[in-house]
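Heads up, the thing below is written out as C-alpha cells.
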Amino acid sequence: MPIIRGLLVFDPLSHLLSPMPALGVNIDHVATVRQARRTNEPDPAWAAMLSQLGGADCITLHLREDRRHIQDRDLHVMRETVTVKLNLELACEPDVLDLACRLRPDQVTLVPERREEITTEGGLDVAGQRDRVARAIDLLRGAGISVSLFLDPIAEQIEAADGLGVDAIELHTGRYAHATGKAAQQAEELLTLATVGAQVRQLGMTLHAGHGLTYHNVRPVAALEGMAELNIGHSIVARALMVGFQQAVREMKQLVT
Ligand code: PXP
C-alpha cells in the first residue's frame, strides 16, 4: 500500500517492481588500443575483470566482421573468464553467428555493420530485412542464446520485431546523446525513448538502451520506466584511461542505480 508523504506518493515496494538497470560495460576500445600496434596489450579480458570488480553486471563486446578491435581469441578467453552476463554484439552474418552458436555467450545483440563506419551508426533495419533477421534469431535461440536487437527508437521497427521471439530490444540512444547542449531537442529525444520504450515493454520484450551515453547524459535514460540494461563503452573506457577501470565503472554504476 503506497504511503502518502506530502504531495509525493512513496511506495516502499516500488523498487521491486521497477528494478535498477544493469550496467553493461563495452570493452571494445581496449582492443582498439591494442590493435593500433597489433600487439598483446592492453588485454580486454583484463579490463573485463576489472569492470566486474567495479560492479559491471554485464560485459559487452562486438566481434566485427573486419575484426578491427575484438578478436576471436578475446571471445574465447572471456567466455571462460567472465562470470557476469556476457553480451556479444554481432551482425547477421553466417561466420560470426556460427561462432556465437559454438561459444554460447549469454546474450547476442544483433547490430548492423558497415565497414566504413567509425562505430555502429544506426539501428538494425528489422522492418526491411525481417526474414534475414528472423533466420539469425532462430539460429541463436536454437543454441540457447538470449537475443536482443539494436533498433532505432522508431515504432515501425519495434512492430517489425514483434513475433520474432526476441527477448529484448536495445534502443539506440545516439540521437538523444548527440542533442547534448540543446535542451529542447534532448527532451524531445528522451520522450521518444520513453514512448518507444513503453511500446517495447507492452509487446513483452525487455528494454535495453545504449550508444553515446556518458557520465553527463546517462541519468535520464537510466530512469526511464522499465529500463533493464544499459550498454556503455567509449565514455567508460575514456575515463578508465585517467582513473582506472574499476573506478570508472564504479562511478558509472553509481549514476545508473
Ligand atoms: N550498444 C551497441 C549496440 C553498440 O554497438 C555500441 C557501440 O559499440 C554501444 C552500445 C556502446 O556505445 P558507446 O561506445 O557510444 O557507449
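Remark: the chain is approximated by an ellipsoid whose semi-axes, taken from the C-alpha gyration tensor as √(5λ), come to 28, 23, 18 Å, largest first. Return the FRET efficiency for the residue pair D162, A36: r is the Cβ-Cβ distance, R0 is 45 Å, and the value is rounded to the nearest 0.05. My answer for the efficiency is 0.60.
Run the numbers for E121 and Q185: contour at 0.36 nm per residue of separation, minus the present Cα-Cα distance, in nm. Working shown, then result.
Working: separation 64, 0.36 × 64 = 23.04 nm, distance 1.93 nm.
Between E121 and Q185, full extension yields an extra 21.1 nm.
The mean of 1/r over all distinct Cα pairs in segment 126-221, once inverted, gives the Kirkwood hydrodynamic radius of 14.0 Å.
Taken about its Cα centre, segment 73-128 carries a charge dipole of about 320 debye when Lys and Arg each add +1 at the Cβ and Asp and Glu each add -1 at the Cβ. Distance from the alpha carbon centroid of segment 41-112 to that of segment 114-184 works out to 18 angstrom. Computed from point charges on the beta carbon alone (+1 for Lys and Arg, -1 for Asp and Glu), the dipole magnitude for segment 152-198 about its Cα centre is near 300 Debye.
Placing +1 on the Cβ of every Lys and Arg and -1 on the Cβ of every Asp and Glu, with nothing else charged, gives the chain a dipole about its Cα centre of roughly 680 debye. One chain, two ends: T83 and L255. Fully extended at 0.36 nm per residue, the span grows by 59.6 nm beyond their Cα-Cα distance.
By DSSP, the beta bridges lying fully in the chain are antiparallel in about 10 percent of cases.
Across the alpha-carbon set of segment 172-218, the Rg to Rh ratio works out to 1.00, Rh being the Kirkwood radius. Computed as a quarter of the hull surface, the mean projected area of the alpha carbon convex hull for segment 76-145 stands at 5.3 nm². The packing ranking of peptides 230-236, 138-144, highest mean first, is 230-236, 138-144, where packing means the average number of other beta carbon atoms within 10 angstrom of each residue.
A cut-off of 5 Å between modelled amide H atoms, ignoring neighbours fewer than 5 places along the same chain, links E170 with L149, F150, L151, H208.
Computed from the coordinates by the stated procedures, all read-outs in this text should not be read as laboratory data. Please read all numbers here as calculations on a predicted model, not as lab measurements. Because the Cβ atoms are built from the backbone with ideal geometry, glycine has one as well, and the counts that use them run over all protein chains shown.
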